[in-house]
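Read through the structure below, which is laid out as structure tokens, and then see the notes.
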Amino acid sequence: MKIAIAFYRIREVDDAHAIVGRETAEAADLDEAIAIARELLRTLDMPQRPDAMTITDEDGNTIHSSRLDTIENLDERPQP
């Protein structure tokens, strides 16, 4: 399935969302889509560290979303 992964910052005051990274990919299922998102979190060059992500299918339906502070091993990203 074709997926789009969006990484974004959340402004706590008013819950506004700002996209800081977006990629499309092919995934066999939701588990693979999440694995791709985790890899992108480590490798994608983004201007800021995102707070959350969403994965949507080719029709624009959200199939997964999560705050990134809930994902294990977040600090495995390479440091500059």
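The values are calculated or read from the model by the stated rules, or taken from the named source; none is laboratory data. This one's a predicted model, so the numbers in the text were calculated from it and none came from an experiment. FYI the Cβ positions are ideal-geometry reconstructions off the backbone, even for glycines, and counts take in every protein chain you see. Remember, those area values only see protein heavy atoms, side chains included, never the ligands or the DNA or RNA. Shrake-Rupley method; radii C 1.70, N 1.55, O 1.52, S 1.80 Å.
Here are the criteria: (1) modelled with pLDDT under 95; (2) touching a helix residue (DSSP H, G or I) at 6+ places or on another chain (Cβ under 9 Å); (3) not hydrophobic (A, V, I, L, M, F, W, C). Tell me which single one residue 23 does not satisfy.
Tallying (1) modelled with pLDDT under 95; (2) touching a helix residue (DSSP H, G or I) at 6+ places or on another chain (Cβ under 9 Å); (3) not hydrophobic (A, V, I, L, M, F, W, C), residue 23 fails exactly one: (1).
Quick one: count up the residues across the range 18-28 that are open to solvent by 90 Å² or more (accessible area, probe 1.4 Å) and either at positive phi or more than 13 Å from the chain's Cα centre (by Cα) (or both).
1
All but one of (1) at pLDDT 95 or above; (2) part of a strand (DSSP E or B) hold for residue 17; which doesn't?
So residue 17 meets the others, but not (1).
Within the range 42-66, how many residues are part of a strand (DSSP E or B) and open to solvent by 60 Å² or more (accessible area, probe 1.4 Å)?
2
Farther than 12 Å from residue 55 by Cα, out of contact with any Asp or Glu (no Cβ under 6 Å at 6 or more places or on another chain) and open to solvent by 90 Å² or more (accessible area, probe 1.4 Å), is that true of residue 31?
Answer is no for this residue.
Among the numbered criteria (1) without any contact (Cβ under 8 Å) to a residue 12 or more places away in the chain; (2) assigned to a loop (DSSP other than H, G, I, E, B), which single criterion is violated by residue 39?
(2)
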